[in-house]
Structures are given as structure tokens and as C-alpha cells.
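The values are calculated or read from the model by the stated rules, or taken from the named source; none is laboratory data. Computed from a predicted model, the values in this text were never measured in an experiment. Cβ sites come from the backbone with ideal geometry, for glycine too, and all protein chains shown count toward neighbours. These accessible areas exclude ligands, DNA and RNA; they are computed on the full protein's heavy atoms, side chains included. Shrake-Rupley method; radii C 1.70, N 1.55, O 1.52, S 1.80 Å.
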Amino acid sequence: MFSFFFLAALTIGRIDVPELKHRNLKTLDRLNELYKSHPLFNPKVEKVPDSTFGFYLHVFKNPHAVVYMVDRLYRIFPDSPVYIMSDGGLDYTPLCERYGCTFKLCPPANDRWHPWPFMHRLWEAAVHLKTDYVIMLEPDNTIHRSIYIKPDRDAGGLSDANGRFGHPLVNYLQNMGRKVRPGFTWNYTGSGLAGGSYFKTSVILDAFNDHAVNDFNFTEFQSLDSFRIFSSDFAMPLLLSAKGYNYEPWREIRQEDMQNGVQPLDSAFAHYGSGRPGRKPTYSIDLDLGDPGQYYKESTYLKNRVFQLCQQCYSLKQYKARFGSDECTNHLAEGDRQSPLSILDLKLFLFKKFEDEEGGRSGYHKNVLLPTKLRLQAAEESRLARNRMIDQLITPNETAL
């Protein structure tokens, strides 16, 4: 009798969602094996309340992976709000009507390579979710169990194989962070803030708001690292450090394509890279959805063949010309407005500057020894010159929808 009333209480206020049917049983069995990991934590430890976390799903297509992920969240984290943002891909309004989540369709900005729309969209999700923490998920994540290890940093992600940030960049940003938070030390200098990462909501609102991102000159810092800093996995650590916030790997997320012995054997979430045998398992899952219209539909952007922007070629001016407004992007930042050739342009510019100032070709190769201020000045001069040229050439190539 007690069990009956207890179960009844758990279901009050929940939407009645039927179990999903699967066509690809092999893929399902493979996923289920992943979910049978042996817990390494104390069984007496209580799980962190679901209401502590809100989930931000950053998606494009992969409909079966998205549906499966939302279904897992519904069953494992019933008290956590879910916010889905599609970067100009499929429209998941029917899915959210079915599961009680929130959906936002944004223009196709290829935001994973353009920090201005990416950070703004994450910020909007945090404002909507109103939870202590936001966990970002992507279609290549799997969800295994509840969370038992409570976050203890400003942000946390996975331990990946990407190279660490170099000393010039770390020192410069660490000094920036100390102006905001005296004594700040940038301890973990890797990336890893991919799907499965958590962020304090207060940190998102401070470090990723339009003003903070607009004040951060990515082209300057590219000269201290590489074009990778425009990718969201790398841009977020830089923005956090500039504000004096710390992040590090979290025990509740593991990277499945790394066999270096440093990954948790049991975690709430897993992230899959392309280097894993079998690649990303959720990409091959085949659900028997019946009428797909119950879960997703083609968006206006897909119907009109409005494609995403190329890498490193974002401009607020062009964004507004294409889509008719600045919805879903930073309202202040013009963007870096880089073309795919701009990286080469920057290197050629630095080559000539170092050659002139050092008195020979070896000057370029000695750039790591030059004062950081000089390198940033060179990058800024290159950016301004390139933007003047682009201003003369840029024309809207698509009408607003």
C-alpha cells in the first residue's frame, strides 16, 4: 500500500509519455550496456536534487538522438527544466509540447564557431531556466543516471585530449581576471567545456552577457593561440578566465574515446568523440516514432534552404541583413567578420611586422619572445584593416525570412 501511494505521488503533475519503441535493437543494447556501469561512489550518498539543474540542449538535426536524450532526461531528471535551442535546424516544438520542455528556433549562425551568437543563446537559456546550474547537452551525449557529485567550481566539463593554452595567453588572461577578482589563479588551462558541462547560472549571466563578450577582442587572443579560440569549447574558458572564474574537469562527465586512464568509470553523462570505435552511438539510434510530426518538423530555414554561416565569418551587420533582426545573437558586438582567409592574412601581417622590427625573417619565428602588448597591437591593426576592406565588399546575400 505504501509503495502504491509513493509511486502515485511521484507521478502527480507529470505528463504521461509512453515508452519509446526502438527499431535498431543492437544500438539500444549497446546503449543499455553503457547504462549498467558499476557505481564507484558511496551508496549512502544522496543524489543532488533535480531542481538544482536546468538542461540546455544545443542542437541542429539528429532528431532521433535529440528525442532519445529528452526522453532520458524526462525519466531520470523529472524535476529539471529543459530548454532546447536549434541553430537553424529542425523545429522541435512538437517534442516540447509532448514532454513539457521549452523550444527556441534560432537563425542558422553555425554558432559553435561564432562566440557572439553562441554565448547569447546560452545566456538566454540561463535566464529562462532560473536554476542554480545549467548543464549543456548536445546530441553526442548519453545520459546514464542522476547526479551525485555536486559541482564545486564556477564551471566544469570533461578532461579531453586538446592541447593546453600557452603561457602568454594564460598569463595575460590571468592578469585580466585578477583585476576583477584579486588573487585569481587560472589553475586548469585546458578546454573540455563541451556537451555535459555545467555552469553556475550567475557565472553565465556575468561572463557570457552581451557586454562581456563585446568587450573581449577574440582577434587579439587569436594571435596568442590559434583560430581554435573561436570554437565554443575554447572560447568559454577564455571568457571565464577573463572574469576570474575557475573551471576544471567534473567527475560526472567522461569522454568515451579516450583510453588514458584519467576518465571516470561511472558518471551521469558521457561525451563521444569521432575517435571512438563505433563513433557516436546516439547518431545511429533508430526510434520507431510512428508519425515524426509528433516530435519534430522542418524549420522555415531548412525549407527555404537558408544555410549556416561558414566558420569565422560572422558579422552582426550581415546577420541582421539575412534574418531581419538581431534575435538570438549579441546585440552589441559587430563580430570578428573573418573570412576563411583571414587567418592567413593575420599571419602574413605579423610576419611582415616582426620582420621589420626584428631585422630579418627570423623575427617572425621569434614572435613568442616579443612583448605581449606588441603582438596584441599587431593583431588589432590587422583586424581594423581587414574590417575596413570587408565593409566595402559586404552585401546581404539573402533576404530576411
When LEU205 is evaluated against the numbered criteria (1) in a loop (DSSP other than H, G, I, E, B); (2) open to solvent by 50 Å² or more (accessible area, probe 1.4 Å), which criterion, by number, is the only one it fails?
(1)
Of the residues that sit in segment 183-202 and are surrounded by 13 or more Cβ atoms within 10 Å (Cβ to Cβ) and of a type in the set (S, T, N, Q), which one is farthest from LYS280 (Cα to Cα)?
SER202
Of the numbered conditions (1) open to solvent by 10 Å² or more (accessible area, probe 1.4 Å); (2) modelled with pLDDT under 95; (3) aliphatic (A, V, I, L, M), ALA109 satisfies every one except a single condition; which is it?
(1)
Give me the pairs: first residue in segment 158-170 and more than 22 Å from PRO264 (Cβ to Cβ), second residue of a type in the set (Val, Ile, Thr) and open to solvent by 20 Å² or more (accessible area, probe 1.4 Å), beta-carbon distance under 8 Å, and six or more apart or on different chains, which are they?
PHE165/THR189; PRO168/VAL368; PRO168/THR372; VAL170/THR189
Look at ARG121 and say whether it is part of a helix (DSSP H, G or I), at pLDDT 95 or above and of a type in the set (D, E, K, R).
yes
Kindly establish whether LEU265 is surrounded by fewer than 19 Cβ atoms within 10 Å (Cβ to Cβ), in a loop (DSSP other than H, G, I, E, B) and either of a type in the set (Phe, Trp, Tyr) or modelled with pLDDT under 95 (or both).
yes
Criterion first (open to solvent by 40 Å² or more (accessible area, probe 1.4 Å), closer than 17 Å to GLY54 by Cα and either within 16 Å of the chain's Cα centre (by Cα) or among the hydrophobic types (A, V, I, L, M, F, W, C) (or both)) does GLU138 satisfy it?
no
Note on segment 295-314: residues open to solvent by 80 Å² or more (accessible area, probe 1.4 Å) and in contact (Cβ under 8 Å) with a residue 24 or more places away in the chain are LYS297, GLU298, ASN304, PHE307, GLN311
Cβ contacts < 7 Å: first residue free of Cβ contacts under 8 Å to residues at least 60 places away in the same chain, restricted to segment 225-243; second residue open to solvent by less than 10 Å² (accessible area, probe 1.4 Å) and not polar (S, T, N, Q), any location; separation 6+ or different chain. Result?
ILE229/PHE218; ILE229/PHE221; ILE229/ALA235; ILE229/LEU238
Would a scan of segment 237-252 turn up a residue that is open to solvent by 20 Å² or more (accessible area, probe 1.4 Å), within 15 Å of LEU122 (Cβ to Cβ) and part of a helix (DSSP H, G or I)?
no
Run VAL180 past the list (1) closer than 16 Å to ASN246 by Cβ; (2) over 19 Å from the mean Cα position of the chain (by Cα); (3) crowded, with 20+ Cβ neighbours inside 10 Å and report the number of the one that doesn't hold.
(3)
Residues of segment 81-98 being crowded, with 22+ Cβ neighbours inside 10 Å and either over 14 Å from ILE135 (Cα atoms) or among the polar types (S, T, N, Q) (or both), which ones?
SER86, ASP87, GLY88, GLY89, LEU90, TYR92, LEU95
Please verify whether segment 273-285 includes one or more residues that are touching a residue at least 40 places away in the same chain (Cβ under 8 Å), surrounded by 17 or more Cβ atoms within 10 Å (Cβ to Cβ), closer than 18 Å to ALA161 by Cα and not aliphatic (A, V, I, L, M).
yes
